[in-house]
Amino acid sequence: MIVAKRKPVNEILEMVKDAKKVLVLGCRSCVSVCSAGGEREVEILASLIRIGMKKAGKKIKVIEGSLVRQCDKEFIASIDDWKGKYDAIVSTACGVGVNFIANLREKDVVYPALNTTFMGGSEEQGIWAEQCAGCGDCVLHLTGGLCPVVRCAKSLMNGPCGGSVGGHCEIHSSVDCVWQNIHDRMDAIGQSAGMDRIAPIRDWSTSTHGGPRTEVRDDLTV
Amino acid sequence: MSFTPDIQAFCCHYTSQQAIAEAAEQLKADGMPENVTLNRVVCTGKLQEVTILKAFENGADGVFVVGCPEETCHNRKGSARAAKRVIAIKNSLEELGLGSDRAEMFHTERGFHPEFVTAAQTMNDRITAMGPAFGDSK
């Protein structure tokens, strides 16, 4: 899922300081699962905005809503349900949602309530970890399913480096050396011979280095 | 200028037995400040952050939560969850400039104990000293 966390509330208050009517708009997809921007978090943020404005002696009307997703045109269109009831939208979706509102709603002012942090998974309740960089050229079939692009601090394709100590990365002792983990795992699944392969120089044009990416599926377009 | 704070208390079913069993007059005789409003919840672990925030939205100057001791919570982790949520509220209140001390978590034994009233008195003294949460804009 896309993992995010709420911005400092004062940063959000600064965004809406001149607004009279605000729609705090949640997303019931990834950011709901990571407890950053779902319906519950919308309630909390709306309340914090009201309290913050009250403290500042300002009047503001804050209404709450949420969409199934903010990354599909069909759902963005339903923002019309709140037509006339807001002069700014505070989106608690990831950056994709904020972009979609900006792309598709010419007149709407939209602000981000979250900092979108990474694509990851929940290791334990309340703890998320980055697992995928979305680099566009997956090598997980060569690395036992563990991603060296995002889980190695240097994104090495042939590791580990000399900074791997006792199975930990030199950037911090709390960070596993993923290349140690890759070697261990390739052993465990009987593919240790794969570690003799030297990965060639990588073409990063499929990643963000090649500019904004678009995926077109002719079999799905109409 | 005298100031009587509006204080909202959220107490679990077990730690608030004193409030359930005793009438308002008896509570007052025990020393419970009259400006503390008791809100009973089934378990403080069920108390959502937004419920506490709504209390401030509605004009509370201070809010406190009373739950079981963490090690002996009737619902195992209920009061521990509540304590973490109160910390989140305290952080938000500090960020908003209201002061983190306007919210507090207390853990008291179940049943009839003077600590229940003491918690209310502590908050009443603290919030009275801090003054109104919203100044004149309340």
Extending each Cα 7 Å along its Cβ direction at A:ILE63 and A:ASP187, get the distance between those two points in nm, one decimal. 6.2 nm
Using a 4.7 Å Cβ cut-off, which Cys residues in chain B lack a partner cysteine? B:CYS11, B:CYS12, B:CYS43
Report the full-extension gain for the segment B:VAL42 to B:PHE112: residue separation times 0.36 nm, less the Cα-Cα distance, to one decimal in nm. 23.5 nm
Can you classify region A:133-206 as rounded, prolate or oblate using the Cα gyration tensor, where a ≥ b ≥ c are the square roots of its eigenvalues, rounded means a/c under 1.5, and otherwise it's prolate if a/b beats b/c and oblate if not? oblate
Cα centroid distance between region A:25-62 and region A:122-156, in Å? 31 Å
Rounded, prolate or oblate for region A:2-118? Axes are the square roots of the Cα gyration tensor eigenvalues, ordered a ≥ b ≥ c, and the cut-off for rounded is a/c under 1.5. oblate
For the residue pair A:THR206 and A:ASP176, what label-to-label distance in nm results when each label sits 7 Å from Cα along the Cα-to-beta-carbon direction? 2.4 nm
Determine the calculated [θ] at 222 nm for chain B from helices alone, applying -39500 (n - 2.57) to every DSSP H run no shorter than 4 residues and normalising by the residue count; nearest 500 deg cm²/dmol. -12500 deg cm²/dmol
Taking the C-alpha atoms of region B:9-137, convex hull volume expressed per residue in Å³: 93 Å³
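What are the membrane-span-like helices in chain B by this rule: whole DSSP H runs, Cα extent along the axis at least 15 Å, mean Kyte-Doolittle hydropathy at least -0.5?
Answer set is B:78-95, B:114-130.
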Where does chain A land at 222 nm, in deg cm²/dmol rounded to the nearest 500, when only DSSP H runs of n ≥ 4 count, each adding -39500 (n - 2.57), divided by all residues? -7000 deg cm²/dmol
So which GluC sites (Glu not before Pro) in region B:32-121 are both in a DSSP loop and have at most 16 other Cβ atoms within 10 Å of their Cβ? B:GLU34, B:GLU109
Which ³J(HN,Hα) values in Hz, rounded to whole numbers, follow from the phi angles of region A:163-172 under the Karplus curve 6.51 cos²θ - 1.76 cosθ + 1.60, where θ = phi - 60° and Gly and Pro get x? x, 7, 10, x, x, 10, 7, 5, 6, 6
Treat every Asp and Glu Cβ in region B:53-131 as -1 and every Lys and Arg Cβ as +1, leave all other atoms uncharged, and give the resulting dipole magnitude about the Cα centre to the nearest 20 debye. 380 debye
Compute the distance from the alpha-carbon center of region B:46-121 to that of region A:171-222, in whole Å. 46 Å
Using unit Cβ charges (K, R positive; D, E negative) and no other charged atoms, how large, in debye to the nearest 20, is the dipole of chain A about its Cα centre? 1260 debye
Exposure proxy check on A:LEU140, B:LEU53: fewest-to-most Cβ neighbours within 10 Å is A:LEU140, B:LEU53
Starting from the Kirkwood radius over alpha-carbon pairs of the protein assembly as shown, derive D by Stokes-Einstein at 4 °C in a medium of 1.567 mPa s and give it in µm² s⁻¹. 54 µm²/s
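Read-outs throughout are calculated quantities, based only on the coordinates presented, and are distinct from any laboratory measurement. Because the structure is a prediction, the values reported are computed rather than measured. Counting neighbours? That spans all protein chains shown, and the Cβs are built from the backbone with ideal geometry, glycine included.
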